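Input: a single structure, listed below in structure tokens.
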Amino acid sequence: MGFRKGFSASAILAALLWCAPAAAGLREDVEAWRTAHEGAVVAQLDELVRLKSVAADPAGLNSTAAKLKSLLEARGFRTTLFTASGAPPVVYGLYDVGAKRTVVFYAHYDGQPVTPSQWSGDPFVPVMRDGSPGARNIDWKTVQGRFNPDWRFHGRAAADDKAAIVALLAGFDALKAAGRKPGVNIKLVWEGEEEKGSPHLADMMKAHAADLRADLWLIGDGPLHQSRTPTLYFGARGSMSLEATIYGPVRALHDGHYGNWAPNPAAMAAQLIAQMRAPDGAILIPGFADDARALTPAERTAIARLPKVEDSLRREFGIGGGESAEGLTLSTMRPALNIRGLRSGQVGAEAANAIPVEAAISIDFRLVPGQTPQGVRRKVETFLKAKGWTLVADTPDAAMRAATTRLIRLSWGGGYPALRSDMTSPAAKAAIAAASGKSPVTVLPMMGASVPIYLFDDIFHVPVIGLPITNHDNNQHAANENIRLGNLWDGIATYAAMMGSLDW
């Protein structure tokens, strides 16, 4: 979408960030309801987190879907479970008030796999902890009066995304208690396999396209900006994974007798990574970013206006600096080749003076608009062949091993493209106005992480906007995942505002 003559990117963004007040008294009504029901809200989150909604537990996923369906029905929603063979149900809900606009609220109820030994306790037995360095446990069920907003509720999927689901339910309850009718027709899509890449979601949405017609999709996934300010994001990077195995000798060889002669897969893996990725994160594969769509002037201006968080993040993460000098957000606006794992041989006390038999590299690609998973795969494989690698899809046999010293097995994971939606649309302006409360809204052109929201744009051709509420340090996808209570309280107000005061 082009700019009208006479308007600069800065002027357009200034207009975009103008925040009309929410409906008179709505936030006050919601806050009053929430302060009187904090224990009940936490109890609802506690109940949902105890349900083991992870891919390894199909029964837990089904139980969670059934529970969410019952919670919606208790609130007057018309509900259905969209099902497909081999997939957990998609929970669909409709609350039709006869409004001129219909909004779909999306979230996922599944969580990442867990390694219980890495957690401070059972990932599915939630615990409240204070914000102190020692993280003291708190028996929240005995708390009298208000909860401390800096307390954190720990459990798998507590932040990603069950907090968003609870915030929506509580926001709806607060509107109803205040006698406020939603300003939009509400549709809900809560899926149970986002953490697996949503392999069945597109087919299910196409099969139920009539049910899912709407004017806007709001995506309740992802964290707030690191400045902790209210945030809307207008896109997300795409994703694709690759597992690569480099082969050396059929058995480990003494590195004194055979070093400098026998191919060393650990060294080859390190050399290959250096050929693919520069120290500043730039991808060195020829033509890799040729298809990437450039940022618009308005998007660049939005990024320039973001609060600066790099200094505080360096202290928080214990690092001396970033890979590049362009800042966090601009770094996440470009494609990424992340090395998420590298394994070969042993180290420390287990190390042996031996050339290992193989090396494994685990790669996570992040895509930007214009790129496709198919294009990424083609360019990576073309690059490897040009470097003299023989590519195989299965464990090589003796004949393959004898034919080359550069043998690599590739196992590609599923992937999906990125999306950056129009920040200047009427729906975007309405969402920014509705989200505005005590603080200005932080507007991100695109989230650095990946959510398959391109599907909603491809299938329904309506605006797609991210509505995150969780704290940036929530340990998403890691041990001791948590939601800060203050973020949950703010999320309730934000969801209530989206349901009660969206207008365009």
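The values are calculated or read from the model by the stated rules, or taken from the named source; none is laboratory data. The structure presented is a predicted model; accordingly, all values stated were derived computationally and were not measured. Methodologically, a virtual Cβ is constructed for each residue, glycine included, from the backbone with ideal geometry; neighbour enumeration extends over all protein chains shown.
Could we say that Ala479 is of a type in the set (Gly, Ala, Ser), in contact (Cβ under 8 Å) with a residue 40 or more places away in the chain and in a helix (DSSP H, G or I) here?
Against the criterion (of a type in the set (Gly, Ala, Ser), in contact (Cβ under 8 Å) with a residue 40 or more places away in the chain and in a helix (DSSP H, G or I)), Ala479 does not qualify.
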Does any residue of region 252-271 turn out to be in a strand (DSSP E or B), assigned by TED's automatic domain parsing to the domain that holds Arg406 and over 28 Å from Gly235 (Cβ atoms)?
-> yes
Screening Gly448, Gly466 for residues that are outside the structural domain of Trp389 (by TED's automatic domain parsing), within 18 Å of Glu299 (Cβ to Cβ), touching a residue at least 12 places away in the same chain (Cβ under 8 Å) and buried (at least 19 other Cβ atoms within 10 Å of the Cβ) leaves only Gly466
State whether the residues of region 232-243 include one that is farther than 21 Å from Pro369 by Cα, modelled with pLDDT of 95 or more and crowded, with 21+ Cβ neighbours inside 10 Å.
-> no
For the subset of region 399-420 comprising residues that are aliphatic (A, V, I, L, M) and in contact (Cβ under 8 Å) with a residue 12 or more places away in the chain, which member is farthest from Pro335 (Cα to Cα)?
-> Ala403
Quick one: in region 58-77, of everything that is over 15 Å from Glu191 (Cα atoms) and buried (at least 17 other Cβ atoms within 10 Å of the Cβ), which residue is nearest to the chain's Cα centre (by Cα)?
-> Leu71
Within region 179-195, is even one residue within 23 Å of Asn475 (Cβ to Cβ), in contact with a Pro (Cβ under 6 Å, 6 or more places away or on another chain) and assigned by TED's automatic domain parsing to the domain that holds Phe77?
-> yes
Whichever residue in region 219-231 is part of a strand (DSSP E or B) and surrounded by 24 or more Cβ atoms within 10 Å (Cβ to Cβ) and, among such residues, is farthest from the chain's Cα centre (by Cα) | Thr231
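Can you give me the ranges of the helices (runs of 4 or more DSSP H) entirely in region 393-462 with at least 1 residues that are within 20 Å of Ala304 (Cα to Cα) and of a type in the set (Gly, Ala, Ser)?
Numbers: elements: 398-403, 426-435, 454-460.
Filter on region 393-462 gives 426-435.
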Has region 287-297 got any residue that is assigned by TED's automatic domain parsing to the domain that holds Gln371 and of a type in the set (Lys, Arg)?
-> yes
